[in-house]
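Colleague: Pasting in a structure now, in structure tokens, and then I'll have a few things to ask.
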Amino acid sequence: MKKSNIKKANNRWQKVLLTISIVSVISFGAIFALVGAYNYYWRTDSKIQVQKINYSTEFNDNNRIQLKAAQKHGVKRIPKNRKEAKKQESELTKIENNENYLVDRLTHSVPYLTHGAAEVLKMIGENFQDSLESKGLSKYRIIVTSVLRTQEDVKNLRSSGNINAVSNSAHCYATTFDISYARFNKSKLWAKRADKQILKNVLAEVLRDLRKRKLCFVKYEYNQKCFHITVNKSK
């Protein structure tokens, strides 16, 4: 066979192999997308049994109760702005995404807590994961939506019309954080999707246990769709 014919044959085989590779990649991508869609929209853990909880009755620790604990265990000087909050890093723990919880995009707070509050948040995340596993549920992370608020943050939040943004907020003392009960972060796309109501109940069970142990105070905030939590410990 002439060299020119061999070269043409090789080129044809290269084109065939390239076409097969492209088709395989597209097919795999389509299958992966279908599996993801199936898991997200249809394959759920809706049959899992959880305890029924009256959230408003169970978690009714108001601002007066939470503020008292915040003033006792929190920072002694409320930062005026974010620059000032950063200067107090030595007495605070920076809250960052990890395997147990996700920090939301914070618009009116900074990701700092007292060491004691950070410890309880970590405990909530770990206990939530353990509870999911014991119930045979897929792995999800809780989402922290608000943390330390400076005086400037509170002012901006109040001007935006947030009715829960009181001038003397427990959030200002770095002992308080909010956890969403309407949104959770699924760790793996292909994992079985859990019903949001079930995840909310599991989180509520975790918080109820810690509250009974007097480690924190909890307020169920219907409008903000979160649990407002103040830690009742210093270190």
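The values are calculated or read from the model by the stated rules, or taken from the named source; none is laboratory data. Computed from a prediction, not measured in an experiment: that's the story for all the values here. Here the Cβ positions follow ideal geometry from the backbone for every residue, glycine too, while neighbour counts run over all protein chains shown.
Colleague: Given the options Val110, Val103, name the one that is under 17 Å from Arg183 (Cβ atoms), touching a residue at least 24 places away in the same chain (Cβ under 8 Å), in contact with a Pro (Cβ under 9 Å, 6 or more places away or on another chain) and not polar (S, T, N, Q).
Modeller: The match here is Val103.
Colleague: So, one more: Report yes if some residue within region 170-178 is among the aromatic types (Phe, Trp, Tyr), modelled with pLDDT under 95 and within 19 Å of the chain's Cα centre (by Cα); otherwise report no.
Modeller: There is no residue in region 170-178 that is among the aromatic types (Phe, Trp, Tyr), modelled with pLDDT under 95 and within 19 Å of the chain's Cα centre (by Cα).
Colleague: Which is in a helix (DSSP H, G or I) and among the β-branched types (Val, Ile, Thr), of Ile198, Ile229? Even if it seems obvious, please write down each step before you answer.
Modeller: Numbers: Ile229 fails: in a helix (DSSP H, G or I).
Matching residue, one of Ile198, Ile229: Ile198.
Colleague: Which condition number does Ile124 fail, the rest of (1) farther than 18 Å from Ile179 by Cβ; (2) buried (at least 18 other Cβ atoms within 10 Å of the Cβ) being met?
Modeller: For Ile124, the exception is condition (1).
Colleague: Restricting attention to region 105-142, and to residues there that are assigned to a helix (DSSP H, G or I) and polar (S, T, N, Q), which single residue is nearest to Arg211 (Cα to Cα)?
Modeller: Residue satisfying both the conditions and the ranking: Asn127.
Colleague: Follow-up question, since we're still on this one. Leu189 fails exactly one of the following numbered conditions: (1) assigned to a loop (DSSP other than H, G, I, E, B); (2) free of Cβ contacts under 8 Å to residues at least 60 places away in the same chain. What is the number of that condition?
Modeller: The single condition Leu189 does not satisfy is (2).
Colleague: Right, next: I'd like to check something: does region 144-156 contain any residue that is in contact with a Lys or Arg (Cβ under 8 Å, 6 or more places away or on another chain) and at pLDDT 95 or above?
Modeller: No - not one qualifying residue is present in region 144-156.
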